Each structure stands twice: as structure tokens, then as C-alpha cells.
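Input: a single structure, listed below in C-alpha cells.
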Amino acid sequence: GEDVEQSLFLSVREGDSSVINCTYTDSSSTYLYWYKQEPGAGLQLLTYIFSNMDMKQDQRLTVLLNKKDKHLSLRIADTQTGDSAIYFCAERRDSNYQLIWGAGTKLIIKP
Amino acid sequence: KAGVTQTPRYLIKTRGQQVTLSCSPISGHRSVSWYQQTPGQGLQFLFEYFSETQRNKGNFPGRFSGRQFSNSRSEMNVSTLELGDSALYLCASSYSPGTGTTDTQYFGPGTRLTVL
């Protein structure tokens, strides 16, 4: 498809792991990104992964990449209330350097 | 390094007016991208400027325009404002050395435009 797809909402209990999924469009995209947006703020880069990697871990964050299925996921371990935000995935198309964005997944933390 | 700055942070205009928003990228960054974010439409790409030239353009009407100066600072202009232009306008900068390298975009806090 033409769009980067994400679920709109994810609800998890505090302390559990959150897994946010994304399906991107172009198998030749070399970089894939995860951004976080807190209410009233701009987007903050969380992490990125290069297309020749399957996994990248950074503290509580784990990114998994399945190039065959064009599937990207972000796992947040031990989810905290401060993780409440909208999470955007994006792919970079090397043909024109443009980033293509998903609609964002709102992560809701239940006490 | 200072981050991406956008001015003004908040703006209230009336229909039919025009508005200019400003973005100062991170020092050394050559690419500036503009986005419109609304609750209904999500994050919509407006355009990207690189070395004073528009490199990419989204699907917005000609009322939306931009430019980039030699110091990489960028402005976007919206003429003949409509109620539907009320949104958070985000600017992002990146170094943009070319293909094969990470070209992470760093975002400013945004300008909240309200059209009455």
C-alpha cells in the first residue's frame, strides 16, 4: 500500500510491556524511525534502525524489523506513566529523502 | 547545540488573513521540513527545503508556500487563511548529507495556529 500503517490506540497496564506495530510501504527504505510526541509538544526521536539490522535495543526500547513483511515494531519494557504519548513510525525513502509517516499510536497506561 | 526553534509559538488569526511562521534549524543542518498536524488528519507533510531549494512537496494548495534562506532558516506562509488551517505546524531539520546515511529529523516545538 501507499500508507505507513499503525493502530491508533494501545492500552497497557503500568509495568507491562508495550508493543507498538507498524507496517511500512517500501522495502528499499534504508532507515526506519520511531518518534514520541507528548501532549502539546513536538516530536522527539526515540530510536531508528538501519534496514540491514533485525533488532536494535536501547535501554527499555527494543526495535524489531522484518524486512520481508515490511513490519516494524517498538517494544517498551516496564511501561511507565511517563510513556503515555503518541508514537509515530516513519520510513525514509532514498529516492527523494522524504520521510513517510504513520498516523501515530496513542499509548494509554492503565494503573 | 541549540535545538530547532519556531516562532511564534501561538498565533490567532481571522479568516482571509495571511500568516508567516519561522523556523531556525539546528546549526549545521541544511534541510528543513514543514508539517501540519491536526487531530483529524494526523501529521501531513507540507514541503522540504534543502540548500534554499524546495526538494519535496506534499499535497497542499498553493496558499501554502515556503522558502529557505542562505543560513538555512526557513519560513512558511499561508495566505487567505481558512478555518481548516487551524493546526499545529511543525518544523524539522536534518543534516541531509545524502543517501546511505541516517538523516534524522529533529523537530521544533511547533506553532499553534488558530483561525477564527
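We did not get these values from a lab; they are worked out from the coordinates using the rules stated. Source: prediction; values computed, not measured. Every residue, glycine among them, receives a Cβ derived from its backbone with ideal geometry; neighbour counts consider all protein chains shown.
Which value, in Å to one decimal place, does the Kirkwood hydrodynamic radius take for the protein assembly as shown when every pair of different Cα atoms is included?
Working: mean 1/r = 0.0551 Å⁻¹.
One decimal place: 18.1 Å for the Kirkwood radius.
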**Item:** Cβ-based exposure ranking for B:T111, B:T53, in which fewest neighbours within 10 Å come first
**Value:** B:T53, B:T111
**Complete:** For the protein assembly as shown, the charge dipole (Cβ of Lys, Arg +1; Cβ of Asp, Glu -1; about the Cα centre) points to a positive end, and the Cα of A:G40, A:L72, B:V19 closest to that extreme belongs to B:V19
**Item:** Proximal aspartates and glutamates relative to B:K13, as straight alpha-carbon distance under 16 Å, when same-chain residues fewer than 8 apart are discounted
**Value:** B:E82, B:D85
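What are the equivalent ellipsoid semi-axes of the stretch B:1-68, built from the alpha-carbon gyration tensor (square roots of five times its eigenvalues), in whole angstrom, biggest first? Provide the component values of the computation, followed by the final result.
Numbers: eigenvalues 87, 51, 32 Å².
Each semi-axis is the square root of five times an eigenvalue, giving 21, 16, 13 Å.
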**Item:** chain B - Rg over Rh from alpha carbon coordinates, Kirkwood radius
**Value:** 0.96
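Given R₀ = 35 Å, FRET efficiency for B:Q54-A:E38 by Cβ-Cβ distance, to 0.05?
On the way: r = 30 Å, r/R0 = 0.87.
Taking R0 as 35 Å, the efficiency between B:Q54 and A:E38 is 0.70.
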**Request:** Read phi for every residue in the stretch A:46-53 and hand back ³J(HN,Hα) as whole Hz from Karplus 6.51 cos²θ - 1.76 cosθ + 1.60, θ = phi - 60°, with x for Gly and Pro.
**Result:** 8, 6, 9, 9, 7, 5, 8, 9
**Request:** Using Cα positions and a limit of under 27 Å, work out the lysines in reach of A:K36, with same-chain residues fewer than 8 apart set aside.
**Result:** A:K56, A:K67, A:K68, A:K70, A:K106, A:K110, B:K1, B:K57
